[in-house]
C-alpha cells in the first residue's frame, strides 16, 4: 500500500512539474504574441496600407510593444524545457545557455521603439523597419520554427 501511495505521489509531482513548465511556456508565448499583435497586426497593416494610418492607434501599439518588450528578460528567466503544444515557433534552448546575450538584445529594441517618430504611414514605415531590424536579431538567434 505504501508503494502505491509513493508511486502516486511521485506521479502527481511529475504531472505538476510538467504543468508548471507548460504554463511558463504559454506565458512566454503569450507575451510574444502580444508583441506580434501590436507590431504586425496594427503597425505593419498601416505601413502596408491594409488599414488607414491612425497616429493614435500606432502610438498605442508602440506603447504596448515597449511595455511588453521590457518584460522579456523576466518572462524568460525560467526555462520551461518544452514548447507550447501545437505552437509554430518556440524558444531556443540557447536563451538559457547565453542568457546575458539574450537579455542584451532588449535595450536596442526598447531604444528603437522610443526613437520612433512618425506623422504618416511613410514615416511609420521607417520606424517599423528600425524596430523590426532590432527584433530580428533576437529572433534569428533565439527563436526556433517548430512546424
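Tabulated data
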| item | result |
| --- | --- |
| Residue list for region 76-89, filter: under 24 Å from residue 128 (Cα atoms) and crowded, with 17+ Cβ neighbours inside 10 Å | 89 |
| Region 36-61, residues that are surrounded by 14 or more Cβ atoms within 10 Å (Cβ to Cβ) and in contact (Cβ under 8 Å) with a residue 60 or more places away in the chain | 39, 43, 44, 46, 47, 53, 58 |
| Region 127-147 - residue that is within 20 Å of residue 72 (Cα to Cα) and free of Cβ contacts under 8 Å to residues at least 12 places away in the same chain and, of those, surrounded by the most Cβ atoms within 10 Å (Cβ to Cβ) | 139 |
| Residue count, region 97-126 (criterion: in contact (Cβ under 8 Å) with a residue 40 or more places away in the chain, more than 21 Å from residue 71 (Cβ to Cβ) and part of a helix (DSSP H, G or I)) | 3 |
| Flag if residue 4 is surrounded by 10 or more Cβ atoms within 10 Å (Cβ to Cβ) and at pLDDT below 95 | no |
| Identity of the residue in region 62-96, within 17 Å of residue 39 (Cβ to Cβ) and assigned to a loop (DSSP other than H, G, I, E, B), that ends up farthest from the chain's Cα centre (by Cα) | 88 |
| Residue match in region 38-56 (condition: in a strand (DSSP E or B) and either under 25 Å from residue 25 (Cβ atoms) or touching a strand residue (DSSP E or B) at 6+ places or on another chain (Cβ under 7 Å) (or both)) | no |
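The values are calculated or read from the model by the stated rules, or taken from the named source; none is laboratory data. Computed from a predicted structure; not experimentally measured. Glycine gets a Cβ as well: all are built from the backbone with ideal geometry, and neighbour counts include every protein chain shown.
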